Amino acid sequence: MTAFSLDILLFALKLALVFFVILTLAAYLVFAERRVLAWVQDRKGPNRVGPCGLLQPLADLIKLLTKEDVVPSAADHWLFYLAPAMAAIPAILIFAVIPFGAPLTIYGRQLPLVVADLNVGLLFFLALSSIAVYGVAIGGWASNSKYSLLGGIRGLAQLISYELSMGLSLVPIVMLSRSFNLTDIVAAQERVPFIVYQPLAFIIFLISITAECKRIPFDLPEAEGELVAGFHTEYSGMRFGLFFVGEYINIIVLGGLATTFFLGGWHGPLLAPVVWFSLKTLAFAFFFIWMRGTLPRLRYDQLMHFGWKVLTPLALVNIVVTGWWLALT
Amino acid sequence: MSFFSDTRAILGGFRVTLAHMLRKPVTIQYPEQKRTPYPRFRARIVLTRDPDGGERCVACYLCSAACPVDCISMQSAEQENGRRYAAWFRINFSRCIFCGLCAEACPTLAIQMTPDYEICTRDIMDLVYEKEDLLIDGCGKDSSYNFYKHAGIGVTQPRGEGQEESRPLDIRSLLP
């Protein structure tokens with residue numbers, strides 16, 4: 001076997017493993033969310049399928065795959081088919097730039113535990129997270145239903161309120177690590193994670209990614225109390241499942257990004273780097289679920305006010321203060 | 001300052017949900033665990049017998065009249081000795097709302113509620129209970145009560161033999 005084909009094989013293996021782990025994790029995150037929310041409400045949650053209900057995601061998958069796939073007759077068919085993919089694919093693509101472990105050495109060659117070590121990884125993430133909202137907007141538009149349309153509009157309006165502060169909160173990270181490359185950002189946090197230097201940026205980023213993955217204090221595009229299910233009201237079967245799994249992949253990916261940017265990525269004592277990365281990421285996932293069990297939904301204008309009048313100015317001030325501090329030291 | 005009090009309120013909410021996460025769930029895992037209903041729980045309806053083993057029901061239609069959903073129907077008949085009984089008696093449990101008004105209305109304590117709440121079936125027609133399904137061998141809640149001993153004047157026993165009944169008086173003996 002030539003060295004080149006071995007490289008290809010290792011890369012394909014890594015790719016398949018990452019893909020499999022992310023999808024399985026997303027499915028089990030749905031299960032975990034149902035269990036944890038049940039505990040918050042003094043219930044037990046799904047515990048019938050398999051031991052402790054662990055086969056529940058499989059049962060859900062079978063249910064979604066065998067359900068009737070309804071397309072509203074007035075819907076814009078092509079866009080209607082396209083939207084779920086546009087919601088799920090950017091989410092999983094973002095994971096490509098996240099380093100999830102220390103580089104391995106196999107057969108005398110370095111195997112970096114990141115799918116694509118882009119030198120503009122951070123910008124790649126920001127670009128893809130902007131594309132992801134097209135799934136919401138197109139899905140809401142193509143369904144030809146007033147609830148879906150309102151959900152799609154809200155998704156767009158939400159994007160312009162949180163995305164600016166999300167991008168601005170990452171500028172100090174770039175200033176500190178002097179790189180857009182996520183591997184370099186993790187390497188810069190070998191001794192001290194950036195959350196110590198940038199607690200404000202961390203809080204702004206955390207709030208922004210909650211809005212980015214459309215979770216409960218900011219789940220305005222879905223808002224089942226007001227808009228039935230918002231942009232995916234008209235979706236059924238596996239198309240709905242794709243939206244759904246995209247949301248949970250987003251949780252994992254954004255948790256991984258918060259880990260990478262602020263908690264030192266895979267750095268940590270004693271345990272293996274991959275374990276540290278998973279623990280930190282899952283801690284974020286748990287926090288999102290916990291938050292869903294705790295907070296009520298914000299009103300539409302409250303989110304806009306909060307994004308534009310609080311988060312963005314704070315992020316700007318934070319950038320100036322960081323620059324001033326960097327110039328002094 | 002409202003910023004600090006708001007932050008404290010939000011964090012307090014997180015504390016409460018965390019405390020509930022660690023609390024024991026109140027769920028009763030139904031098919032495996034069953035709660036024991038109280039003796040006066042209102043579920044499946046039965047027809048009871050008097051202490052002598054006879055049917056208590058005298059087919060007076062009061063239960064049927066009291067029933068707000070009209071799920072009780074019957075046909076009255078009379079034995080040779082004048083005792084009334086139900087030729088057939090039917091309760092449609094798919095309609096019954098287990099309000100207990102029939103049991104309250106019954107003058108002979110024949111119709112009674114039991115705590116047996118597990119009567120669901122696959123076929124809705126199985127929920128139509130006939131008299132032989134409803135009739136039980138015991139007396140139910142009031143084991144000593146026998147309607148005819150109290151009020152069945154001259155029907156199943158000679159006049160004056162009942163518990164709360166005086167001997168018939170020979171009115172000629174009262175003449176001055």
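Which of the aspartates and glutamates could a cross-linker bridge to A:Lys14, judged by Cα under 19 Å and excluding same-chain residues fewer than eight apart?
Partners found: A:Asp117.
Given springs between every Cα pair under 10 Å in a Gaussian network model of chain A, which of A:Val310, A:Val36, A:Val245 has the largest fluctuation?
A:Val310
Could you tell me what % of all Cα pairs in the stretch B:45-158 have separations over 24 Å?
22
To the nearest 500 deg cm²/dmol, what mean residue ellipticity at 222 nm is calculated for chain A from DSSP H runs of n ≥ 4 alone, each contributing -39,500 (n - 2.57), summed and divided by the residues?
-22500 deg cm²/dmol
With an 8 Å Cα cut-off and a minimum separation of 6 or more residues, compute the relative contact order for chain B in percent.
So the answer I get is 24 percent.
Per the helix-only calculation at 222 nm, which mean residue ellipticity applies to chain B, given -39500 (n - 2.57) for every DSSP H run of n ≥ 4 and division by its residues, nearest 500 deg cm²/dmol?
Result for chain B, helices only: -6000 deg cm²/dmol.
Less than 13 Å apart at the alpha-carbon level, and either on another chain or at least 8 residues along: which aspartates and glutamates does that give for B:Lys149?
Within reach: B:Asp50, B:Asp52, B:Glu161, B:Glu164, B:Glu165.
State the antiparallel share, in %, of DSSP beta bridges confined to the protein assembly as shown, rounding to the nearest 5.
95
Calculate the mean, over all residues of peptide A:285-295, of how many other protein chain Cβ atoms lie within 10 angstrom of the residue's Cβ.
Averaged over the peptide's residues, the number is 3.
If one takes the longest principal axis of the Cα atoms in chain B, at what angle in degrees, from 0 to 90 and to the nearest 10, does the Cα axis of helix B:2-21 lie?
Long axis of B:2-21 versus the principal axis of chain B: about 50 degrees.
Once you average over the residues of A:35-47, how many Cβ atoms of partner chains fall within 10 Å of each Cβ?
For this peptide, the per-residue mean of nearby foreign Cβ atoms is 4.
Return the ratio Rg/(2.2 N^0.38 Å) for the stretch A:30-80, where Rg is computed over Cα atoms only.
1.62
Over the stretch A:157-294, what relative contact order in percent results from Cα pairs under 8 Å that are six or more residues apart?
Relative contact order here is 27 percent.
Tell me, what does the Kirkwood hydrodynamic radius of the stretch A:60-126 come to in angstroms if you use every pair of distinct C-alpha atoms?
15.6
Kindly work out what percent of the DSSP beta bridges joining two residues of the stretch B:45-158 are antiparallel, to the nearest 5.
95
What list do you get for A:Thr259, B:Thr121, B:Thr36 if you sort them by fewest beta carbons within 10 Å?
B:Thr36, B:Thr121, A:Thr259
Can you pull the percent of Cα pairs in chain A with separation above 31 Å?
Every Cα pair in chain A considered, those over 31 Å come to 34 percent.
Longer than 28 Å from Cα to Cα, which of A:Lys44/A:Lys146; A:Lys44/A:Lys214; A:Lys146/A:Lys280 are they? Say none if no pair is.
Too far apart for the 28 Å limit: A:Lys44/A:Lys146; A:Lys146/A:Lys280.
Which whole-number percent gives the relative contact order of chain A, counting Cα pairs below 8 Å spaced six or more residues apart?
Worked out over chain A, it gives 23 percent.
Since every read-out is calculated from the coordinates, none of them should be taken as a lab result. Everything quoted here is computed from the prediction, not taken from an experiment. As a convention, Cβ positions derive from the backbone with ideal geometry for all residues, glycine included, and neighbour counts pool all protein chains shown.
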